[in-house]
Amino acid sequence: QCGMTQADAAKVIDAARTTMVAIEKGERRLKATELIKLARAYGRSVSDFVRPRPVIEPFEVQFRAAYRGHEVEREQIEPVIRRLEELCQYYLELEEIMHSPLPRNYPRDYEVSGMPIERTAEAIAVEERQRLGLGDGPLPMLRDILEQSVGLRIFYLKMPGKYSEIYSYNDQLGGCMAINANHPEERRRWSLAHGYLHFLAHRRKPVLDLVEGQYKRRPESERLAEAFPKYFLMPTSGLLKRFNDMCRVNENEKFTPANLFTLAHYYGVSVEALAYRLEEMELLRSGTWERLRDRGLKVRKVQQELGLEQIPQRSDMAPIHYQHLAIEGLDQGLITEGHFAEFLGVDRLEARRIAELLRDYSSGMVDESTHVDLRQLQD
């Protein structure tokens, strides 16, 4: 992973390459001073090499097809994949230490081959909402739902702007996702739903997703994943009722641009996504969004003028279950402060501050609407 050869590693400990080969084979014991030098050269802590840790299947093999299929520049996204792999290993390690595995509520694999894209996407969205007891309203905390009600491991990581999500699956870890933390909440929520469809319909097929317009050829699986979010995030029955209610409260019984912005905020999606959805439902005239855009509409400015607050979100790098396992392990003396800091990707001073916040949150001293924001921990 560091790009070092056996000869490079041998130089670090002032030995021959054959000595390094013997160490790797277990034929020659590694001295403590050598371990310290190698750990420093690898940019890792000594404990990474000596404490018992679960071994997970590397993501690299799984993502080779994604690199070729989307012509992804490896040097841009490889560190993010490596980070996701590392965090998932930490997650599994915490579960084993605490004897508290993430509960899985996985549905059957949906059969989608040869099925009509739009109808299939909506049918799966309706069935999943019913299975999870979500009704037909907005999903304000979608990430928490997918973690706690389904059992997916979801991390928010910084990525180059053209990437929106990484999805992978194996039997040991289950479904894993990384969402681009640099994107606005509306886009992140869309990416979560997009990745969820891949989990539902293409479970064992890893995906490295690009933002819309980046694909040269869109395979059927990708078209299905692109269609699913609009039905999952904005179900037809609930959206139609809300639309009609808004029209009735207006004197002229017409749906206004202000209504469009308010409704988009209500569902936690972009104004563009909602406009296209309403156009497809024939509730707005075709081309409505293009006309608004061509008039120089400034979305953020209008939202501020309408007094629409920021969409509820959970921007922490690590999911809730992961955070709780880490603080419980620390408080029970099952992990060290150094390991706690490592799991959260911070130094020890910051780890102490976060630990106090998590303790206050768990004890109810922090308001329920508050959460520990780990956005600064994503590097």
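The values are calculated or read from the model by the stated rules, or taken from the named source; none is laboratory data. Everything quoted here is computed from the prediction, not taken from an experiment. We place every Cβ from the backbone using ideal geometry, glycine too, and count neighbours over all the protein chains shown. To get the accessible areas, we keep the full protein, side chains included, count just its heavy atoms, and leave off ligands, DNA and RNA. Shrake-Rupley method; radii C 1.70, N 1.55, O 1.52, S 1.80 Å.
Key figures
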item	result
Close pairs from region 46-60: first more than 17 Å from residue 32 (Cα to Cα), partner part of a loop (DSSP other than H, G, I, E, B), Cβ under 7 Å, at least 6 apart	56/172; 56/173; 57/172
Subset tally (residues that are free of Cβ contacts under 8 Å to residues at least 60 places away in the same chain, in a helix (DSSP H, G or I) and hydrophobic (A, V, I, L, M, F, W, C)) for region 107-129	1
Tally, over region 274-309, of residues that are modelled with pLDDT of 85 or more, part of a helix (DSSP H, G or I), more than 27 Å from the chain's Cα centre (by Cα) and surrounded by 15 or more Cβ atoms within 10 Å (Cβ to Cβ)	4
Residues of region 8-37 satisfying the condition of being over 30 Å from residue 98 (Cβ atoms) and either open to solvent by less than 40 Å² (accessible area, probe 1.4 Å) or touching a Cys at 6+ places or on another chain (Cβ under 7 Å) (or both)	9, 10, 13, 15, 19, 20, 21, 22, 23, 34
Residues being closer than 25 Å to residue 313 by Cα and among the polar types (S, T, N, Q) - total across region 245-269	2
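So that you can scan it fast, the table gives a plain yes or no per residue for (1) modelled with pLDDT under 90; (2) in a helix (DSSP H, G or I):
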site	(1), (2)
19	no, yes
34	no, yes
49	yes, yes
66	yes, yes
79	yes, yes
87	no, yes
92	no, yes
101	no, no
